[in-house]
Structures are given as C-alpha cells and as structure tokens.
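Asks: Sharing a structure with you now.
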Amino acid sequence: MRNGEADAAVSAGNTGALMAMARFILKTLPGISRPAIAALWPTLRSESIVLDVGATIGADAAQLVEFAVMGEAMARCLLGLEKPTVGLLNVGVEEIKGVEQVKEAGRILRESRLPIEYAGFIEGDDIGKGTVDVVVTECFTGNIALKTAEGTAQ
C-alpha cells in the first residue's frame, strides 16, 4: 500500500497492531492525526458509515472533526452520496448535553467552512434508523455500539 501497489489492506489480526502499522508505516493523510476504523452499518433507510468503532479511545474534538471529514469522504465514495449528512453521536440532541470534546466538535462543525452537511447531535437509536449517512463517535462508544448491534443481530 505504501508503494501504491495495493488500494486496500485487510487484517483478521490484532486491531492495535493494524492501527500502529497504519499510523507509523503507511502514515495518515495530511491534516489527519489518527486513523479510524469505519463500519458500514445497515439501517432502516439503507446504510450508514459509523466511525470510529475501534481505533482511537478518547478522541479529542479535533480528531472527531477529522473523523467527520473522513466519514463524509467515505460516504461519497462507497455509498455514492453527493452530499452525505454527518452527525455526532451524543447522549442527547441538545447542544448543552454530552462530554466536552463532543460539544466542542459540534461547535467546530457548526461554525466551520468545511463542505460537510453537519446535521448536529444524534442519539444511539438514530444509528439504526439511518437518521444521518455518517455517524461520528470515538472508539469506546463506537465499539460498544458495534458489539451491541452484532449481539442483537445474532
């Protein structure tokens, strides 16, 4: 991949090792400080992209904004959406709720000039509804949501 001989890498191994390789050997794109693991999530509408579901525990506001940029680009490419909507997973839709890094990421996305269709905060039940095309969260809550959905599906 680093030499441009492959477009993607697949791993069935240790996630931590994969993320270390991605960050230190493959490197991130300019303006992206950490990799994220994204999942295609079946919804009542179609599919959404949820990230991060396993790479960055405790992401700060700037990293959540980076995840929004990466998720939006992924939705355009994989889902064929011209202007995908992006939401931040939170404990409520009100701007006063949530941990500081999520509230700050919401403020940055609302006020930025990024070409992102930011829809605001969403709650856990919005993931399966397909309320937005891209759900941004940090690894801890994203991985719990993913494992919960997998367990429910089984």
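Asks: Report, ordered by the first and then the second residue, all pairs with beta carbons closer than 6 Å, sequence separation of six or more or different chains, a first member in segment 16-44 that is free of Cβ contacts under 8 Å to residues at least 12 places away in the same chain, and a second member that is basic (Lys, Arg).
Replies: Short answer, once both residue conditions are applied: none.
Asks: Would you be able to say whether some residue in segment 68-87 is part of a loop (DSSP other than H, G, I, E, B), open to solvent by 60 Å² or more (accessible area, probe 1.4 Å), within 24 Å of residue 140 (Cα to Cα) and of a type outside the set (Ser, Thr, Tyr)?
Replies: no
Asks: List every residue pair whose Cβ atoms sit under 9 Å apart, with the two residues 6 or more apart in sequence or on different chains, where the first one lies in segment 2-15 and is under 16 Å from residue 28 (Cα atoms) and assigned to a loop (DSSP other than H, G, I, E, B) and the second, anywhere, is of a type in the set (Val, Ile, Thr) and open to solvent by 70 Å² or more (accessible area, probe 1.4 Å).
Replies: As it stands, the answer is 2/25, since those pairs meet every condition given.
Asks: Right, another one. Is it the case that segment 134-149 has a residue that's in contact (Cβ under 8 Å) with a residue 24 or more places away in the chain, β-branched (Val, Ile, Thr), surrounded by 20 or more Cβ atoms within 10 Å (Cβ to Cβ) and assigned to a helix (DSSP H, G or I)? Talk me through it step by step, then tell me what you get.
Replies: Of segment 134-149, the ones in contact (Cβ under 8 Å) with a residue 24 or more places away in the chain are 134-143, 145-146, 149.
Checking which are β-branched (Val, Ile, Thr) leaves us with 134-137, 141.
This time we only want the ones that are surrounded by 20 or more Cβ atoms within 10 Å (Cβ to Cβ), so: 134-137.
Subsequent filtering for residues that are assigned to a helix (DSSP H, G or I) retains none.
No, segment 134-149 has no match at all.
Asks: Quick one: which residue in 106, 92 is under 24 Å from residue 152 (Cβ atoms) and of a type outside the set (Ser, Thr, Tyr)? Break it down stepwise before answering.
Replies: Working: 106 fails: under 24 Å from residue 152 (Cβ atoms).
Answer to the selection: 92.
Asks: Which members of segment 24-46 meet the condition of being farther than 19 Å from residue 140 by Cα, open to solvent by 60 Å² or more (accessible area, probe 1.4 Å) and within 18 Å of the chain's Cα centre (by Cα)? Full working, then the answer.
Replies: Going through segment 24-46, the residues farther than 19 Å from residue 140 by Cα turn out to be 24-32, 42-46.
Imposing the further condition that a residue be open to solvent by 60 Å² or more (accessible area, probe 1.4 Å) reduces the set to 24-25, 27, 29-31, 42, 44-46.
Those that are farther than 19 Å from residue 140 by Cα, open to solvent by 60 Å² or more (accessible area, probe 1.4 Å) and within 18 Å of the chain's Cα centre (by Cα): 29, 30, 31, 42, 46.
Asks: Find the residue count for segment 110-133, including only residues that are assigned to a strand (DSSP E or B) and of a type in the set (Val, Ile, Thr). Spell out the reasoning first.
Replies: Just the residues of segment 110-133 that are assigned to a strand (DSSP E or B), to begin with: 117-122.
Pick out the ones that are also of a type in the set (Val, Ile, Thr) and you get 122.
Number of matching residues: 1.
Asks: If you check every pair at least six apart or on different chains, which have Cβ atoms under 7 Å apart with a residue in segment 58-74 that is within 14 Å of residue 28 (Cβ to Cβ) and in contact (Cβ under 8 Å) with a residue 40 or more places away in the chain first and a residue that is charged (D, E, K, R) and buried (at least 24 other Cβ atoms within 10 Å of the Cβ) second?
Replies: Note: pairs meeting the criteria are 59/52; 59/138; 67/52.
Asks: Which ones in segment 65-95 are modelled with pLDDT under 95 and in contact with a helix residue (DSSP H, G or I) (Cβ under 8 Å, 6 or more places away or on another chain)?
Replies: Correct list: 95 only.
The values are calculated or read from the model by the stated rules, or taken from the named source; none is laboratory data. Since this is a predicted model, take the numbers as computed values, not measurements. Using ideal geometry, Cβ is built from the backbone for each residue, glycine included, and neighbour counts are taken over all protein chains shown. Heads up: the accessible areas ignore ligands, DNA and RNA and are worked out on the full protein's heavy atoms, side chains in. Shrake-Rupley method; radii C 1.70, N 1.55, O 1.52, S 1.80 Å.
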